[in-house]
Amino acid sequence: MKTIRININGEWKKLKVNPQDRLIDTLRGQLGLTGTKEGCGEGECGACTINLNGKAVLACLILSVQTDESRILTIEGLQKGLELHPLQTAFLNESAVQCGFCTPGMIMAAHAFIRENPEPDMQMVKECLANNLCRCTGYEKPVKAVLAAACSMRETNHD
Amino acid sequence: MSRQKIHAQVIRIGNPPFCLKSYRQCRGCFGWRNMIRAARSKAAWQDRPIKCLLTGLTLKIGGIPEDTDLITGGNTDAIQLKSRGFHKPGTIEETIDLLVKYQRDACLIAGGTDILPRHQGDGNRLTAGHLIDISGLGLDYIQNTDAGIHIGAATRINDLISSPVFSSEPYGVLAEAARVHSTHTIRNRATIGGNLCNASPCADLALPLLALDAYLVILGPNGKHLIDLESFFQGPNCTILEPDQMMQEILIPFTNHLALSGFLKLGRHQTKIDTAIVNVATRLSFKENDCIDARIVIGSAGPMVFRAKKAEALIKTGILDDDAINLAAGTAMQEASPLDDIRASAAYRKEMVAELVKESLKIIMKRSLS
Ligand SMILES: Cc1cc2nc3c(=O)[nH]c(=O)nc-3n(C[C@H](O)[C@H](O)[C@H](O)COP(=O)(O)OP(=O)(O)OC[C@H]3O[C@@H](n4cnc5c(N)ncnc54)[C@H](O)[C@@H]3O)c2cc1C
Ligand code: FES
Ligand code: FES
């Protein structure tokens, strides 16, 4: 067992983890943060996308021990009280959700991306979501939702 | 079909090679089984170490008659290994000490995007007992010196794309390949050193780096040495690195010649999350208006990423026109020795080698005219 310290959705926590535990195991199992999903465990589906030190990464392809002293943001950390994040609102408004399994991953991929590229165009959004598979809605609505969210985040200076 | 035991040299044993006992359990995506088959029939694949990425088992097979069924001899009852340790050294010296201590039981981890997918949710399948994380060694940098451009082995692939050094010729071909490597999300973790050390025959960044005549700085218990990238690759997923060695940086030699280059990657059209069916990098250097050097590098069509040297010679000596391009493309196709796998058949791959070489040389020709 190794002890790590991580900032999870704004709060620093000390955890004991096995060297072979992946971040997705720690998030879902130990921390009960089940918003992050595991689809494939191989880096292909993107359902496990989270933000690590501000960048979109796959929680199934990182060992928890590698995240010592890092900042992690998951879908649970986006909402402030009752107020949804503009990305969440946009996904609802555009009906970009059916079963919702891929949604947390898509939103977290878009969240890191918009911070780096506040004014993305359609092609850039497609690049950003290229690692997120959806088997229900297709991709048109999620792409529209991300564009709409980027727009509303610029207008309201939201991060 | 006659069944006979083949004389395969077992170089390394990892987890139980269940895929050897039953073909049905072999995950064809790693293509190991097809590679072993190729080692019996294709000259380019013979006498090279061939490594199964799932089990770590590495075999070297000589000329084995095609009509024999494969059963391996030797001791393949491997030891079940579990990840027992995770180390994050702060210095290169510490890292080498750990490699010397644990030898084949050690595995360096950079971005982890090659090593970790093999777990498939099961950390117990790790083939190494001790993981050594190299992200604390300060090996993420891109520096310009008189010798050329130094790229730290642990530099993330997205950082190559955003670096001004690779935004245009003469070194732009590296960023061109980096942009079509996997996805933005994977590239946030994946490193250039990992891409090379994994030594996949389709590794996207190996192609532009061969076209740029890159060297590698290798570190080990006996110090530092420089090696050219071409001699680094030994076989599919196998490099010249000893268990106690690591890559420190990649050096692209300085050039002041005018160069034109291109990178093309043929993938499956459904998804961007995939390695290539065939990938090709070409690069021509010019002095005044004369072509003084040509590189035609081909991936996913042989045991390793390789330079099609006969095709290069044709381009270097002649005038760059349609006839020369067609001849070079046909020659490059002859130099390729691809496999059938889940992505494409060998025959299709061969055709595509010719097409991609043709297309990328034509793009260069157009650019050279303008
Ligand atoms: C979904 C997905 C898509 C992918 N798409 C592509 C693609 O389009 N093109 C492509 O080329 N690849 C692709 N890959 C493969 C992989 O992402 C790349 O090969 C990547 O560059 C590996 O880098 P890494 O840092 O993650 O390697 P790691 O997994 O950390 O390491 C890979 C190997 O290199 C060794 N190693 C790492 N650094 C060093 C060092 N400094 N010295 C010695 N040994 C070292 C490790 O021990 C290990 O054996 C894909 C992978 C996934 C999961
Ligand atoms: S679970 Fe991580 S990419 Fe599918
Ligand atoms: S909404 Fe069901 S997978 Fe995307």
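The values are calculated or read from the model by the stated rules, or taken from the named source; none is laboratory data. Everything quoted here is computed from the prediction, not taken from an experiment. Counting neighbours? That spans all protein chains shown, and the Cβs are built from the backbone with ideal geometry, glycine included. Ligands, DNA and RNA are excluded from the accessible area calculation, which covers all protein heavy atoms including side chains. Shrake-Rupley method; radii C 1.70, N 1.55, O 1.52, S 1.80 Å.
The one condition from (1) open to solvent by 20 Å² or more (accessible area, probe 1.4 Å); (2) among the small types (Gly, Ala, Ser); (3) within 13 Å of the chain's Cα centre (by Cα) that B:ALA199 does not meet is (1).
Looking only at residues in the range B:289-306 that are assigned to a strand (DSSP E or B) and at pLDDT below 95, which one is farthest from B:ALA203 (Cα to Cα)?
Ranking the qualifying residues of the range B:289-306, first place goes to B:ASP290.
The single condition among (1) open to solvent by 20 Å² or more (accessible area, probe 1.4 Å); (2) farther than 17 Å from B:ASP114 by Cα that A:GLN20 does not meet is (2).
Restricting attention to the range B:281-302, does a residue exist that is polar (S, T, N, Q), within 16 Å of ligand 1 (Cβ to nearest atom), surrounded by fewer than 22 Cβ atoms within 10 Å (Cβ to Cβ) and at negative phi? Checked against the condition, which is being polar (S, T, N, Q), within 16 Å of ligand 1 (Cβ to nearest atom), surrounded by fewer than 22 Cβ atoms within 10 Å (Cβ to Cβ) and at negative phi, the range B:281-302 yields no hits at all. If you check B:SER167, B:SER231 for being open to solvent by 40 Å² or more (accessible area, probe 1.4 Å), free of Cβ contacts under 8 Å to residues at least 24 places away in the same chain and under 13 Å from the mean Cα position of the chain (by Cα), only one passes: B:SER231. Report yes if A:ALA59 is of a type outside the set (S, T, N, Q), closer than 13 Å to A:ILE6 by Cβ and within 16 Å of ligand 1 (Cβ to nearest atom), otherwise no. Considered against the rule, which asks whether it is of a type outside the set (S, T, N, Q), closer than 13 Å to A:ILE6 by Cβ and within 16 Å of ligand 1 (Cβ to nearest atom), A:ALA59 comes out as yes. The combined condition, being under 22 Å from A:LYS126 (Cα atoms), open to solvent by 10 Å² or more (accessible area, probe 1.4 Å), touching a Phe, Trp or Tyr at 6+ places or on another chain (Cβ under 8 Å) and within 14 Å of another protein chain (Cβ to nearest Cβ), is fulfilled by A:GLY39.
Against the test of being among the polar types (S, T, N, Q), surrounded by 14 or more Cβ atoms within 10 Å (Cβ to Cβ) and either at pLDDT below 95 or in contact with a Phe, Trp or Tyr (Cβ under 8 Å, 6 or more places away or on another chain) (or both), the options B:THR95, B:THR127 yield a single qualifying residue, B:THR127.
From the list B:ILE192, B:ILE218, the one residue that fits, being free of Cβ contacts under 8 Å to residues at least 40 places away in the same chain and open to solvent by less than 20 Å² (accessible area, probe 1.4 Å), is B:ILE218. With a requirement of 2 or more residues that are of a type in the set (Ser, Thr, Tyr) and modelled with pLDDT of 95 or more, none of the strands (runs of 3 or more DSSP E) lying completely within the range A:19-100 satisfies it. Please tell me if B:THR275 is within 14 Å of chain A (Cβ to nearest Cβ), away from ligand 3 (no atom under 16 Å from the Cβ), of a type in the set (Val, Ile, Thr) and open to solvent by 40 Å² or more (accessible area, probe 1.4 Å). So B:THR275 fits the description; yes. Of A:GLN66, A:GLN98, all but one fail to be more than 16 Å from ligand 2 (Cβ to nearest atom) and open to solvent by 10 Å² or more (accessible area, probe 1.4 Å); the exception is A:GLN98.
Taking into account only those residues within the range A:115-128 that are under 22 Å from A:LYS37 (Cα atoms) and open to solvent by 10 Å² or more (accessible area, probe 1.4 Å), which is farthest from ligand 1 (Cβ to nearest atom)?
Going through the qualifying residues, I end up with A:LYS126.
Suppose the filter is at positive phi and free of Cβ contacts under 8 Å to residues at least 60 places away in the same chain; does A:GLY81 pass it? Can you show your working first?
Details: at positive phi: yes; free of Cβ contacts under 8 Å to residues at least 60 places away in the same chain: yes.
Yes, satisfied.
Taking the listed residues A:GLY138, A:GLY77, A:GLY105, the one that is within 14 Å of another protein chain (Cβ to nearest Cβ), out of contact with any helix residue (DSSP H, G or I) (no Cβ under 6 Å at 6 or more places or on another chain) and either open to solvent by 20 Å² or more (accessible area, probe 1.4 Å) or away from ligand 3 (no atom under 16 Å from the Cβ) (or both) is A:GLY138, with no other qualifying.
Restricting attention to the range A:42-57, the residues being within 16 Å of ligand 3 (Cβ to nearest atom) and in contact with a helix residue (DSSP H, G or I) (Cβ under 6 Å, 6 or more places away or on another chain) number 4. Tell me yes or no: at least one residue of the range B:108-122 is open to solvent by 60 Å² or more (accessible area, probe 1.4 Å) and at pLDDT below 95. Looking through the range B:108-122, at least one residue is open to solvent by 60 Å² or more (accessible area, probe 1.4 Å) and at pLDDT below 95.
Can you find a residue in the range A:23-31 that is within 16 Å of ligand 3 (Cβ to nearest atom) and crowded, with 24+ Cβ neighbours inside 10 Å? No: the range A:23-31 contains no residue that is within 16 Å of ligand 3 (Cβ to nearest atom) and crowded, with 24+ Cβ neighbours inside 10 Å. Would you confirm, using the coordinates I've provided, whether B:ASP159 is open to solvent by less than 10 Å² (accessible area, probe 1.4 Å) and either at pLDDT 95 or above or closer than 24 Å to B:HIS257 by Cβ (or both)? Taking the combined requirement at face value, the residue does not satisfy it.
Test B:ASP274 against the criterion of being in contact with a Gly (Cβ under 8 Å, 6 or more places away or on another chain) and within 30 Å of A:CYS45 (Cα to Cα), and give yes or no. Break it down stepwise before answering.
Values: in contact with a Gly (Cβ under 8 Å, 6 or more places away or on another chain): yes; within 30 Å of A:CYS45 (Cα to Cα): yes.
Here the answer is yes, as B:ASP274 does meet what is asked.
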